[in-house]
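Remarks on the structure that follows.
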Amino acid sequence: MNSTLLAVLVAAVVAGLGGLLVPRLIARIPEVEPDEAAPDHPGGEGDGTVDATPPAREPEPPPEPFADIAALPGLALWAVVASVVAGVLVGLGVGWTWGLVMWVPLVPVGVALALVDWRTRLLPTYVVRPTGFALVALALLGWGVTQDTAALERSLIGGLVALAFYFMCFFIYPRGLGFGDVRLAGALGVALGWLRWGEWLVGLYSGLLLGGIIGGVLAVLKVVERKGVPFGPFMLLGALVGLLSGAAVWSGLVTG
């Protein structure tokens, strides 16, 4: 069997099984205090938004409880379908390499984060922080298995640079970017960096681009609330874009 096809099948099955656990994962997230939900709360869990209007003057209502999100009808089926689709893309993008070990577990976690962020504008530390640590651990384990020192260096440097860049953006304009986005950027930087610099660069830049363009259009068309749309789902989608097209884009940039 072709190794890429094998990677696609394994990624789709494992990610799909992980999708079944998305409701349980969301249900286990501790509820946050109202002040911690604010995007500009230092160390909080708030997610920034793509601004469409000036900041609201009235206090915002509390976010939707995580338990209510976990109990949404049909969530498990929806999560499985989304995870399988993303798993197929991951298999196509990384092939039968150690990158598959790092990216497949990230798929159902990303599905859960995207849904939670979309409905609450929160990227819970309860999920994001362990995800980042797990990816670092998998990168170290991958180095032990493959002895690919260059990949480990890219992974660790990529995570640190992404974390630092997003923290700088958060520091400059906290209402446009939440601290939850900063943590997620670090985790995605580790996963993308393990692949190649092209995937890392395109994956992170695509998240910014998609968030700005699509998020802005949705806000203008009033498809979402006027205050803006969460940024986390676009960061995750951008990471997939980088995974699939980063090598080609980087090759084009380098070779001209």
Discussion item. Modelling each spin label as a point 7 Å along the Cα-to-Cβ direction, I'd like the ILE213/TRP78 distance in nm, to one decimal.
Written reply: 2.6
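With N denoting the number of residues in the chain, provide Rg(C-alpha) divided by 2.2 N^0.38 Å, to two decimal places. Display every interim value, and only then the final one.
Numbers: Rg = 17.7 Å, N = 256, 2.2 N^0.38 = 18.1 Å.
Against the compact-globule rule of thumb, the ratio is 0.98.
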Worksheet entry | Per-selection metrics, region 79-122 (Cα): Rg and Dmax in Å | 11.5, 36
Fill in: Tilt relative to the chain, helix 149-172 - C-alpha long axis, 0 to 90 degrees, to 10
20
Discussion item. Can you compute the radius of gyration and Dmax for region 88-174, using only the Cα atoms, both in Å?
Written reply: 14.7, 42
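At 222 nm, what value in deg cm²/dmol follows for the chain if DSSP H runs of at least 4 each add -39500 (n - 2.57) and the sum is divided by all its residues, to the nearest 500?
-23500 deg cm²/dmol
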Response to the item:
Reduced to Cα centres, the span from region 8-31 to region 132-181 in Å works out to 22
Response to the item:
With a 1.4 angstrom probe the carbon and sulfur portion of accessible area for the chain, in percent, totals 71
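Per residue, how large is the accessible surface of the chain? Use a 1.4 angstrom probe and give square angstrom.
Values: 12450 Å² over 256 residues.
Per-residue accessible area for the chain comes out at 49 Å².
Show me the three semi-axes of the equivalent ellipsoid for region 177-256, from the C-alpha gyration tensor (sqrt of 5 times each eigenvalue), largest first, rounded to whole Å. Please list the in-between numbers first.
On the way: eigenvalues 131, 45, 12 Å².
Each semi-axis is √(5λ); the values are 26, 15, 8 Å.
The values are calculated or read from the model by the stated rules, or taken from the named source; none is laboratory data. Worth saying up front: this structure is predicted, and the values here are computed from it rather than measured. Using ideal geometry, Cβ is built from the backbone for each residue, glycine included, and neighbour counts are taken over all protein chains shown. These accessible areas exclude ligands, DNA and RNA; they are computed on the full protein's heavy atoms, side chains included. Shrake-Rupley method; radii C 1.70, N 1.55, O 1.52, S 1.80 Å.
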